[in-house]
Amino acid sequence: MKKLWLSVLLVALLLLTVSPPAIMAKSDGPGNVNATDVQIVKKVTLKGPAAKGGKPAPIAATGDLGATCTGTKYAIVIGINNYPSSDLSYAVTDADEMSHVLTTTYGFSASNVHEITDTDATRTAVYNAVNAVKGQAVSGDEVVFFFSGHGAKGKANDYDRNNVDQSIVVNNEDGSWGYIWDGELLQWFSGFGTDRIIFIFDSCLSGGMSVLKASGRVVNMACTANGLCYEGASWGGGHGQFTYYFAEEGMENGLADVRTHDSKVTVEEAFDYAKANCIYQTPTIADGFTKDLLP
């Protein structure tokens, strides 16, 4: 069985990068973004035996509990299986799981969770959802932004100083590939009334989203800026590997609760658990929260 996993991995590495021609990445929000040398790096779907439960994670670094949200909680949850080509199988399941754990375990009202999936997940829809939450969130509130899907990299004029930029890959209304660059997300999330913002990215190259780091923010990324991500039926019957360990096992099932054993899993604990259990990928975090963040 180990040989099967390795064979699938080698095939995936040979096939996963697509290099479309130079494009202009349309921005339905803050102007137009010119992007060249764009490469879509696809999340890899693996087949293999079911995961046998995770191993315990090291205790989170700060060890400082108590940062519970007392305000209103909002979430933007995105999962895309259906792309112009190279569909995924479990990104929508990832989004469903994140919405579920937020509403059942962390006290988010379903009316404040904006889940956007597949062809509905366009640049315009994501931009509008971010703006809608921005217009509502005030100091003391909490905002979660979750994405599961493909990633991309390129040279984008996207309001930051990076020579190489990373992007989450969405859809355009005309059925073409859509890109939301790291610098765009940085701009879209500027000016929020609250500094309590959690980002979770289950996509290839997601480590490049560390540009979003700031005081009061926690950016959870499923891999490095040059890394790959994996999904498969092995993880909970069908999930992205990172989402399975972070949200389903870590948060919902409470397996990341390694300190107080009170069924209260902080974001940092969930990340530590996912990092300890993910294979073939290395999750990364940018933590600007002064305490452990308990949603």
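Structure above, values below:
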quantity: Criterion (at pLDDT 95 or above and among the charged types (D, E, K, R)) met by exactly one of GLU269, GLU248; calculated: GLU248
quantity: Qualifying residue in the range 220-234 (condition: within 29 Å of SER139 (Cβ to Cβ) and not in a helix (DSSP H, G or I)); calculated: yes
quantity: Selection status of ILE279, more than 22 Å from ASP96 (Cβ to Cβ), surrounded by 17 or more Cβ atoms within 10 Å (Cβ to Cβ) and among the aliphatic types (A, V, I, L, M); calculated: no
quantity: Whichever residue in the range 248-264 is outside any helix (DSSP H, G or I) and touching a residue at least 60 places away in the same chain (Cβ under 8 Å) and, among such residues, is surrounded by the most Cβ atoms within 10 Å (Cβ to Cβ); calculated: ALA256
quantity: Count of the range 122-150 residues which are among the hydroxyl-bearing types (Ser, Thr, Tyr) and over 18 Å from ILE198 (Cβ atoms); calculated: 3
quantity: Residue in the range 204-217 that is in contact with a Pro (Cβ under 9 Å, 6 or more places away or on another chain), part of a loop (DSSP other than H, G, I, E, B), within 25 Å of ALA152 (Cβ to Cβ) and touching a residue at least 24 places away in the same chain (Cβ under 8 Å) present; calculated: no
quantity: Selected residue (only one of HIS114, HIS100, HIS150 is within 17 Å of ASP202 (Cβ to Cβ) and either surrounded by fewer than 21 Cβ atoms within 10 Å (Cβ to Cβ) or among the charged types (D, E, K, R) (or both)); calculated: HIS100
quantity: Qualifying residue in the range 179-194 (condition: surrounded by 18 or more Cβ atoms within 10 Å (Cβ to Cβ), among the small types (Gly, Ala, Ser), touching an Asp or Glu at 6+ places or on another chain (Cβ under 9 Å) and modelled with pLDDT under 95); calculated: yes
quantity: GLY240 touching a residue at least 60 places away in the same chain (Cβ under 8 Å) and either buried (at least 19 other Cβ atoms within 10 Å of the Cβ) or of a type in the set (A, V, I, L, M, F, W, C) (or both); calculated: yes
quantity: Conditions (1) in contact (Cβ under 8 Å) with a residue 60 or more places away in the chain; (2) within 14 Å of the chain's Cα centre (by Cα): number failed by PHE201; calculated: (1)
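For (1) farther than 21 Å from GLU231 by Cβ; (2) in contact (Cβ under 8 Å) with a residue 24 or more places away in the chain; (3) out of contact with any strand residue (DSSP E or B) (no Cβ under 8 Å at 6 or more places or on another chain), each residue gets a yes or a no:
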position: THR70; (1), (2), (3): yes, yes, yes
position: VAL77; (1), (2), (3): no, yes, no
position: ILE80; (1), (2), (3): no, yes, no
position: PRO84; (1), (2), (3): no, yes, no
position: ASP96; (1), (2), (3): no, no, no
position: THR117; (1), (2), (3): no, yes, no
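The values are calculated or read from the model by the stated rules, or taken from the named source; none is laboratory data. Small disclaimer: the values here were computed from a predicted structure and weren't measured. Every residue, glycine among them, receives a Cβ derived from its backbone with ideal geometry; neighbour counts consider all protein chains shown.
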